[in-house]
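These notes are about the structure you will find just below.
Derivation of every value follows stated rules applied to the coordinates shown; laboratory data play no part. These numbers were taken from a predicted model, which means no experiment stands behind them. Counting neighbours? That spans all protein chains shown, and the Cβs are built from the backbone with ideal geometry, glycine included.
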Amino acid sequence: MKGQKQSRTDLLEKKIDALIKVVQQLLDENAYLKDLAVGTLETIKLMDDYEDAIEKLKEKVAEESSKAAEADAG
């Protein structure tokens, strides 16, 4: 009986260690993706037509939201 409890404890410890490794990998991947996203954004900001593109996006969002408001009202 004591051997079964010990082997179960060992198994649970191995599973916990595996889960810790998975969570650490996810945290590392999340940090990498954050750095990648920030780097991409900063690169895009340096492009010549950035301001024009932002204005076009603002106009498009405003247009879509007004269409959605009209559809909800109608």
How far is helix 50-73 tilted, in degrees, relative to the longest principal axis of the Cα atoms in the chain, given as a value from 0 to 90 rounded to the nearest 10?
90 degrees
Using Cα-only point scatterers and the Debye equation, what is log10 of I(q)/I(0) for the chain at each q in 0.16, 0.18, 0.19, 0.25 Å⁻¹, rounded to two decimals?
-0.82, -0.87, -0.89, -1.04
Computed FRET efficiency, Cβ-Cβ of Asn30 and Ala73, R0 35 Å: what is it to the nearest 0.05?
0.30
By a straight-distance test (C-alpha under 17 Å), which lysines pair with Lys56 as possible cross-link partners, with residues fewer than eight away in the same chain excluded?
Lys45, Lys67
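For n ≥ 4 DSSP H runs only, could you compute -39500 (n - 2.57) per run for the chain, divide by its residues and tell me the 222 nm figure to the nearest 500? Intermediate values should be presented prior to the final figure.
On the way: 2 runs with 68 residues, N = 74.
One gets -33500 deg cm²/dmol as the mean residue ellipticity at 222 nm.
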To the nearest 10 degrees, how steeply does helix 2-45 sit against the main Cα axis of the chain, on a 0 to 90 scale?
20 degrees
For the chain, with the dipole built from +1 on Lys and Arg beta-carbon atoms and -1 on Asp and Glu ones, taken about the Cα centre, which of Gly39, Leu27, Ala62 lies farthest toward the positive end?
Leu27
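Note down the magnitude of the dipole of segment 2-73 about its Cα centre, charges +1 on Lys and Arg C-beta and -1 on Asp and Glu C-beta and zero elsewhere, to the nearest 20 debye. Don't skip to the answer; put the middle values down first.
Details: 12 positive and 17 negative charges, 237 e Å.
Rounded to the nearest 20 debye, it is 1140 debye.
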